[in-house]
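Comments concern the structure below.
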Amino acid sequence: MGRCFSLEESKQIFDEKTLLYILENLKTGLIIVDANERIYKCNKSARFILDVFADNVIGNSINEILSDNINKDSIAKYINFIKKPIFKGNKLIGNIIVLENISEIKRLVSELNKKDKIREELETIIESSYDGVAITNKDGITIKVNKGWDRLTGLKREEVMGKPLKELVKSGIFSDSVTMKVFESKKPVTISQKMKSGKQIMTTGSPIFDDNGEIFQVVINMRDVTELNKLKKNLEQTQTLTEKYLAQITQMRLQLTRNENIIAESKSMRDLLDLSIRVARVDSTVLLLGESGVGKEVIARFIHSCSPQRNEQSFIKVNCGAIPEDLLESELFGYEAGAFTGAKKEGKIGMFELADKGVLFLDEIAELPLRLQVKLLHALQEGEIIRVGGTKSRIVSIKIIAATNQDLNELINNGLFREDLYYRLNVVPINIPPLRLRKEDILPLVAHYCNMYNTKYNLKKVISNELMEEMIEYNWPGNVRELSNMVERMVVTSIKDVLVKDDFPVKLDTRKGIKNILLEKNFRNDNLPTLKQAVEELEYNLINQALENKMTQNQAAQALGVSLSTFIRKLRKHKLNLN
């Protein structure tokens with residue numbers, strides 16, 4: 001330790017004013033005391049450390065000050081206390097006491113320790129990464145690599161650490177340098193490299209910029225493309241097998257359609273079922289078209305059963321023509337408590353919410369009132385509904401299947417159906433052919449229903465060949481529904497076990513009469529009606545004949561092979577009354 005200057009010696013170097021200024025503004029706390037430990041001078045830093053005022057400290061005992069401010073506040077651990085003697089000759093005339101606030105130093109040390117810990121964690125993460133990671137400095141020299149890098153390149157770290165990448169490329173260790181490309185473009189670069197090990201590597205270099213916008217490091221990420229290609233090939237093989245198994249399942253399901261009350265011997269129906277299975281895999285909206293009684297609901301249920309995502313969920317059917325218009329909205333969308341007079345106090349869930357995650361079948365969609373068509377369109381487009389009397393929207397995930405036996409294009413032209421809703425429903429149209437256009441299905445259907453009703457009623461009726469021929473010749477205006485009803489009628493009403501031609505409810509002469517209702521008018525070539533006019537007149541005559549036979553609504557609808565709602569609609573269309 002060097003010799004301390006006395007006050008007299010110090011005064012020879014600095015004048016007193018300069019010396020006092022220096023002492024007062026030192027960052028280190030400085031206190032000068034006399035031989036009796038009385039404070040002669042205490043600078044600003046010392047007063048701050050001891051939390052004292054200048055007027056209260058000069059002339060006081062340093063020991064008392066230190067005792068009051070250090071021991072009392074328990075801050076001794078934050079203060080470094082150094083005492084230096086002052087001599088005049090050989091005589092001790094005082095001491096210089098140096099106080100240092102070491103709390104800040106401890107804080108900095110603590111922060112450095114934390115940063116060291118974070119650095120260690122980052123080092124561990126980089127080293128454990130499955131991908132190869134390397135870091136180069138601004139001179140293109142590798143300063144860090146991880147285990148993944150070792151595995152992918154097949155190199156030893158010593159071969160590249162501290163060496164410029166240009167030399168490594170030149171020597172053939174690397175086929176290209178992504179770092180150099182990053183320095184040229186000053187943005188992330190991805191290249192494909194072939195390693196010395198023979199592996200094909202996808203390498204991405206990302207620049208790190210300093211405060212001046214200059215690149216000072218490049219982080220390189222390496223991934224084995226050969227492994228990815230292998231995974232891709234395996235995935236493609238798996239997808240091929242999946243498609244193969246799916247095709248086999250499709251064929252098995254088509255073979256089992258008989259057990260699901262679907263008879264499909266004709267090519268048109270086999271193709272239709274195949275399309276239905278493909279549509280069932282996705283959530284696209286399906287529009288089933290066809291005459292009354294062709295089996296639209298049966299196909300809708302078949303699509304639901306074939307859906308891998310929804311076949312375990314609900315199948316909800318709504319007949320838009322059978323529910324009164326003033327109740328249809330609340331049935332479809334539900335209502336909140338107190339939404340209208342007579343509403344349940346707890347509210348009611350609607351068909352859309354009941355069908356959530358499943359399938360909603362909207363039968364007779366053409367009967368939906370125009371004001372509800374707007375709300376339905378919103379539900380289909382947005383995937384959400386609002387209950388009657390509510391303000392909160394509810395998200396629903398539903399596959400919509402709609403069905404109608406009417407010409408929607410004609411309804412659009414007449415302003416009875418919204419065009420935008422039609423296009424929203426008509427994503428995948430499936431036109432179910434009438435029974436008269438798939439004669440191959442008639443005999444299997446007759447056999448199926450005969451067996452079904454024999455089992456149901458514990459009977460043993462069989463169909464004769466002549467009756468089979470008669471049923472094939474018949475045109476079945478009511479389609480499968482009419483065929484089912486007619487077979488049941490013959491099975492339960494015939495007293496014989498063998499059903500013959502005479503058991504067939506529709507007689508040949510009657511059929512010929514119906515066919516010739518219009519032809520008997522002997523239209524001239526220049527006075528032929530349009531096909532639409534002829535069909536409407538035939539429809540009018542058939543309904544009028546049912547009225548003259550004094551049938552009930554249900555009887556007339558059944559005789560004509562149509563649903564009750566369709567029969568009533570036809571009555572209104574032709575302005576006929578059934579009393």
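The numbers here are math on the coordinates, done by the rules we state, and not lab data. Computed from a predicted model, the values in this text were never measured in an experiment. Reconstructed Cβ throughout: ideal geometry from the backbone, glycine too, with neighbour counts over all protein chains shown.
Please report the base-10 log of the normalised intensity I(q)/I(0) for region 274-351, using a Debye sum with one equal scatterer per alpha carbon and no solvent, at each q in 0.17 (1/Å). Those come out to -0.81, one per q. Residue-wise HN-Hα couplings along region 294-303, as the Karplus relation 6.51 cos²θ - 1.76 cosθ + 1.60 with θ = phi - 60° gives them from phi, are 7, x, 5, 5, 4, 5, 4, 5, 5, 4 Hz; Gly and Pro carry x.
Could you check how many percent of all C-alpha pairs in region 256-433 are farther apart than 28 Å?
Summing the P(r) tail past 28 Å for region 256-433 gives 24 percent.
Working ranking of peptides 434-446, 373-385, 478-490 by packing, defined as the average number of other Cβ atoms within 10 Å per residue, highest first, is 478-490, 434-446, 373-385. When the listed pairs Lys147/Lys230; Lys84/Lys114; Lys345/Lys392; Lys199/Lys233 are checked against a 26 Å cut-off, the alpha-carbon distance exceeds it for Lys84/Lys114. Taking other residues whose beta carbon is less than 14 angstrom from the beta carbon of Thr391, and scoring Lys, Arg as +1 and Asp, Glu as -1, yields +1. Counting only Cβ charges, +1 for Lys and Arg and -1 for Asp and Glu, the dipole size of region 256-433 around its Cα centre is about 520 debye.
Under 5 Å between amide hydrogens, built in the peptide plane, is the criterion, and for Lys88 it picks out Ile93 among residues at least 5 positions away or on other chains. Averaging 1/r across all pairs of distinct Cα atoms in region 107-227 and inverting the result yields a Kirkwood radius of 15.1 Å.
Net charge dipole, region 107-227: roughly 200 debye, given to the nearest 20, about the Cα centre with Cβ charges of +1 for Lys and Arg and -1 for Asp and Glu. Put simply, the C-alpha atoms of region 191-230 give a gyration tensor, and the ellipsoid matching it has half-axes of 29, 9, 6 Å, longest first. For Lys267, the aspartates and glutamates whose Cα comes closer than 15 Å to its Cα, not counting residues fewer than 8 places off in the same chain, are Glu440, Asp441.
Taking θ as phi - 60° and the Karplus parameters 6.51, -1.76 and 1.60, the scalar couplings of region 178-195 work out to 6, 4, 4, 5, 5, 4, 6, 8, 6, 8, x, 9, 10, 9, 9, 10, 9, 7 Hz in sequence order, x denoting glycine and proline.
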